[in-house]
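The values are calculated or read from the model by the stated rules, or taken from the named source; none is laboratory data. These numbers were taken from a predicted model, which means no experiment stands behind them. As a convention, Cβ positions derive from the backbone with ideal geometry for all residues, glycine included, and neighbour counts pool all protein chains shown. The accessibility values were calculated without ligands, DNA or RNA, using every heavy atom of the protein model including side chains. Shrake-Rupley method; radii C 1.70, N 1.55, O 1.52, S 1.80 Å.
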Amino acid sequence: MSAALILDGVTKSFGALRASDNVNIAIEANHCHAVIGPNGAGKSTLIGQITGEIRPDAGRIRFFDQDITDWTTPRRALAGLGRSFQITQLCADFSALDNVALAVQARQGHSYRFLRAAHSDERLRGPAMAALERVGLAERAGTRVDALSHGERRQLELAAALASEPRMLVLDEPMAGMGPQESERMIEILQSLRGKVTILLVEHDMDAVFALADRISVLVNGAVLTTADPAAVRADPAVRAAYLGAPAP
Amino acid sequence: MPFSRQTIAGLLIAACLIAVPYAAPLMGGNYAITLATRVVIVAIAASSLDLLIGRGALVSFGHAAYFGLGAYVVAIASFHLANDIPILGWAGSNEALVVWPLAMLISGVAALIIGALSLRTSGVYFIMITLAFAQMIYFVFVALKYYGGDDGLALNSRNLFAGERITDARSFYWISLGALALCLFIQWRLVVSRFGMALRGAASNERRMAALGFSVYGYRLVAFVIAGMMAGLAGALSANLNRFVSPDMMGWVRSGGFMVMVIMGGVSSLLGPVIGAATYLLVETALAGWTEHWEVVFGPFVLLVALFAPRGIWGLLRGRACE
Ligand SMILES: Nc1ncnc2c1ncn2[C@@H]1O[C@H](COP(=O)(O)OP(=O)(O)OP(=O)(O)O)[C@@H](O)[C@H]1O
Ligand SMILES: [Mg+2]
């Protein structure tokens, strides 16, 4: 198998707390790999280490045959690592379209370009508009982010991630706080990406996880309890006890 | 297309600035033109600071350093020429087209070095470190007795402009106004360009920008250097206007003054700092003619503006219109 991302013994402590405890995960290219686990299990901390916001204490991270452990966040992003945040991180005083256009701009190379107006640049607006359409936000293109609803902001996060045309998408609870219809749409969009983009999906919505994931890792107290196929995870009594919260049938 | 309040306010300001030399004879002649020239020059420095504060969310508290350096470059070049003492093998110069770009270059290099170090910090630390660097430069010039130290340095004459003497106050006003127009035009292009989007995005949400692939440090540094160069040009013009430079031009009081102009006029707007500079200098002049303790009145005035116009005077003028 060709791996898109390999976490090799990734370990991170916050004081006495082991947020990542010797995590070993390999994510196959173009697979959707879900990471589930209870609150505080260390899922976001793991994502932080993958995207470069948090430095692991030990372990290596490989992304398509390159060791990216020491790379900065922007460098990883330009290498094709796109993400969404658990708590929305957007430019609140920019329009929805501008937020996505920034993603397109980043992908098109350095921004030491001083002469041409970005707003009238079709090379930015075209792809940005397409990404907004894809997530169903086209009519809201001109609206400032701080006037968007919570669900719309979640969609915008995804649009920005899509617009940067990543090789791998790292999504931290993309459905959190969404209504059922918005969740449906999100699942549909992610379905359409299956087999085309590698996805690491952290999500509490189990319907979404079982609908999308090719493999699932269960994280508890920073450590990987198990990595297996969805069916096996669903049946695993240890997983049920630790996370799914229901006794084995 | 109907004109927005913003456009009308902008046109009015432009009209006022252009009308000054024609209206001046009715309002005290050269004195009025000199005051207007000072407004225009200071507006260049204030607007360049707004590129940092307004667009980059980089609250530099040492912007006067670049202003003062630009002024000293002009004064020192003229000093060496006048006294026939070469400096580093150069005879010095009195030609504006030589020393003004040189002033911008030196200010730009200083901004590059100081920015490279300061931009590794953020928030209050950034404010303090930019202030500290500016004070260092201030004390260097206080200690430089050769160039007058504390007492400053006088220029024998204004720079020549392309070999021509700038004899009357009007010509110098037009040159200064041209420099302001050019700086505002460049800033306007910068702000709407890809570079401007990167700079403003970093101000809005640095985490988001990094996740998209922007190394924000570089964009900030370039903005810092551009702002420093524009302040240097303003300093060079100021040295010519007053035919005198002193370390006070780079002290923290001056830096604070630029900040007040930006905030009072309105951040993130091209014309806000121009209005801020005009208001600041006109109110200061009026009060200073009235009482020696003008600061006592000026302080509450600034406070009132801040209270009743949180988006600055420009924010009041343009109304609620959103971007
Ligand atoms: N910067 C930090 N400093 C100290 N402790 C931290 C820090 N970041 C996270 N933690 C702790 O590490 C543990 C893992 O946090 P993390 O956010 O990774 O969990 P999570 O699995 O994403 O949880 P959730 O499902 O609630 O998002 C938690 O106990 C959290 O309090
Ligand atoms: Mg989390």
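With respect to (1) away from ligand 1 (no atom under 16 Å from the Cβ); (2) over 22 Å from A:ALA231 (Cα atoms); (3) part of a loop (DSSP other than H, G, I, E, B); (4) out of contact with any Ser or Thr (no Cβ under 6 Å at 6 or more places or on another chain), the lone exception for A:GLY177 is condition (1).
Filtered by the rule that a residue be of a type in the set (D, E, K, R) and farther than 25 Å from A:SER2 by Cβ, region A:179-202 gives A:GLU182, A:GLU184, A:ARG185, A:GLU188.
Only one entry in A:GLU173, A:GLU182 is in the same structural domain as A:GLY48 (by TED's automatic domain parsing), over 11 Å from A:CYS32 (Cβ atoms) and more than 16 Å from ligand 2 (Cβ to nearest atom), namely A:GLU182.
Across region A:100-118, which residue is most open to solvent (accessible area, probe 1.4 Å) among those that are free of Cβ contacts under 8 Å to residues at least 24 places away in the same chain and hydrophobic (A, V, I, L, M, F, W, C)? Selected residue: A:LEU115. Among the residues of region A:206-225, those that are over 21 Å from A:GLY195 (Cα atoms) and in a loop (DSSP other than H, G, I, E, B) comprise A:ASN221, A:GLY222.
Could you please let me know if A:ALA16 is over 12 Å from A:ALA223 (Cβ atoms) and either under 18 Å from the mean Cα position of the chain (by Cα) or more than 8 Å from ligand 1 (Cβ to nearest atom) (or both)? For A:ALA16, the condition - over 12 Å from A:ALA223 (Cβ atoms) and either under 18 Å from the mean Cα position of the chain (by Cα) or more than 8 Å from ligand 1 (Cβ to nearest atom) (or both) - is met.
Of the residues A:GLY142, A:GLY195, the single one that is exposed (fewer than 15 other Cβ atoms within 10 Å of the Cβ), away from ligand 2 (no atom under 16 Å from the Cβ) and over 18 Å from A:LEU90 (Cα atoms) is A:GLY195. Taken together, A:MET178, A:MET206, A:MET168 contain a single residue that is within 14 Å of chain B (Cβ to nearest Cβ) and either touching a Leu at 6+ places or on another chain (Cβ under 6 Å) or surrounded by fewer than 23 Cβ atoms within 10 Å (Cβ to Cβ) (or both), which is A:MET168. Within region A:44-86, being within 10 Å of another protein chain (Cβ to nearest Cβ) and within 16 Å of ligand 2 (Cβ to nearest atom) holds for A:THR51, A:GLU53, A:ARG83, A:SER84, A:PHE85. Every listed requirement among (1) surrounded by fewer than 17 Cβ atoms within 10 Å (Cβ to Cβ); (2) aliphatic (A, V, I, L, M); (3) more than 14 Å from every other protein chain (Cβ to nearest Cβ) is met by B:ILE186 save one, (3).
For region A:24-58, the candidate set comprises residues that are open to solvent by less than 60 Å² (accessible area, probe 1.4 Å) and more than 18 Å from the chain's Cα centre (by Cα); within that set, the residue that is farthest from ligand 1 (Cβ to nearest atom) is A:ALA58. Only one entry in B:ALA169, B:ALA231 is at pLDDT below 95 and away from chain A (no Cβ under 14 Å), namely B:ALA169.
Quick grid of which residues meet (1) of a type in the set (Phe, Trp, Tyr); (2) more than 22 Å from the chain's Cα centre (by Cα); (3) in a helix (DSSP H, G or I); (4) farther than 27 Å from B:SER176 by Cα:
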{"residue": "B:LEU105", "(1), (2), (3), (4)": "no, no, yes, no"}
{"residue": "B:ILE113", "(1), (2), (3), (4)": "no, no, yes, yes"}
{"residue": "B:PHE126", "(1), (2), (3), (4)": "yes, no, yes, yes"}
{"residue": "B:MET136", "(1), (2), (3), (4)": "no, no, yes, yes"}
{"residue": "B:VAL140", "(1), (2), (3), (4)": "no, no, yes, yes"}
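The criterion of being away from every other protein chain (no Cβ under 14 Å), assigned to a strand (DSSP E or B) and either away from ligand 1 (no atom under 16 Å from the Cβ) or open to solvent by 10 Å² or more (accessible area, probe 1.4 Å) (or both) does not hold for A:GLY126.
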